[in-house]
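Below is one structure, written out as structure tokens, with a few remarks after it.
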Amino acid sequence: MKKILVTGGTGFLGSNVVELLRNKGFDVHSCSRREGIDIRNYSQFKEFVDKIKPELVVHCAAHVGGIAYNALHPVEVFEDNVNIGLNVVRACNESGINKLINIMPNCTYPGHLEEYEESKFWDGAIHDSVLLCLLPEKPEIQAHTSGVSEHVRPKGSF
Ligand SMILES: NC(=O)c1ccc[n+]([C@@H]2O[C@H](COP(=O)([O-])OP(=O)(O)OC[C@H]3O[C@@H](n4cnc5c(N)ncnc54)[C@H](OP(=O)(O)O)[C@@H]3O)[C@@H](O)[C@H]2O)c1
């Protein structure tokens, strides 16, 4: 039976992924802070990964908030998600796990879309709120970066 690790398996997305995979008969494990693992702590996370030895990691863990929350805590959200993302990729690499599904936030889709379709992923710039959260007090940088945002997609969750 395939062993799968779902990071953030206690969250909104992760708990649904866990349920779906368990119903399909996979041996599913989760990790999150409430389960005793903080992915920002690399050695703690790596030790857990090496104990479980998953064949596949579905990465759903993230520091998540709405637009207002992100605008209030841009540095903490950015820093946590960069560290979480890097630690997941590093642990997979160092533990020889070559299957990783990295969940993207839906704000990586073009801002003007009302319905998200994969075929439309590159059909426009990301929503202005993403830049607002990252650079709330730098309108001149926002204006500059929005010009290139058609070609840039954030990899973590902002
Ligand atoms: N919800 C949606 O409709 C949706 C749609 C598209 C994409 N996404 C993306 O899916 C991902 C998860 O979103 P969500 O809505 O499921 O968020 P959520 O409900 O807040 O779940 C986040 C999960 O990550 C865990 N987590 C947070 N910080 C952690 C840390 N330092 N170490 C270990 N675990 C940590 C949380 O558990 P603890 O707090 O116990 O650590 C929780 O299990 C995000 O990247 C989001 O952008 C979500």
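Just so you know, all these numbers are worked out from the coordinates, no wet-lab data involved. In this text the structure is predicted, and so the values were computed from the model without any measurement. Using ideal geometry, Cβ is built from the backbone for each residue, glycine included, and neighbour counts are taken over all protein chains shown.
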Checklist entry - Taking H as built 1.01 Å from N, whose amide H comes closer than 5 Å to the amide H of His29, not counting residues under 5 places away? => result Ile4, Leu5, Val6
Item to check | Least to most buried among Ser43, Ser129 (fewest other Cβ within 10 Å first) | outcome: Ser43, Ser129
Item to check | At 1.567 mPa s and 4 °C, Stokes diffusion of the stretch 1-103 via Kirkwood alpha-carbon radius, µm² per second | outcome: 93
Checklist outcome for this item: A correct Karplus calculation of ³J(HN,Hα) over the stretch 20-29, with 6.51 cos²θ - 1.76 cosθ + 1.60, θ = phi - 60°, whole Hz and x for Gly and Pro, returns 4, 5, 5, 5, 8, x, 7, 8, 10, 10
Checklist entry - When the Karplus curve 6.51 cos²θ - 1.76 cosθ + 1.60 is applied with θ = phi - 60°, which whole-Hz ³J(HN,Hα) does each residue of the stretch 72-88 get, with x for Gly and Pro? => result 7, 10, x, 5, 4, 5, 5, 4, 4, 6, 5, 5, 4, x, 5, 5, 5
Checklist entry - If contacts are Cα pairs under 8 angstrom and at least 6 residues apart, what is the relative contact order of the stretch 1-103 in percent? => result 31
Checklist entry - Order of 120-126, 81-87, 54-60 by packing, highest average Cβ count within 10 Å first? => result 54-60, 81-87, 120-126
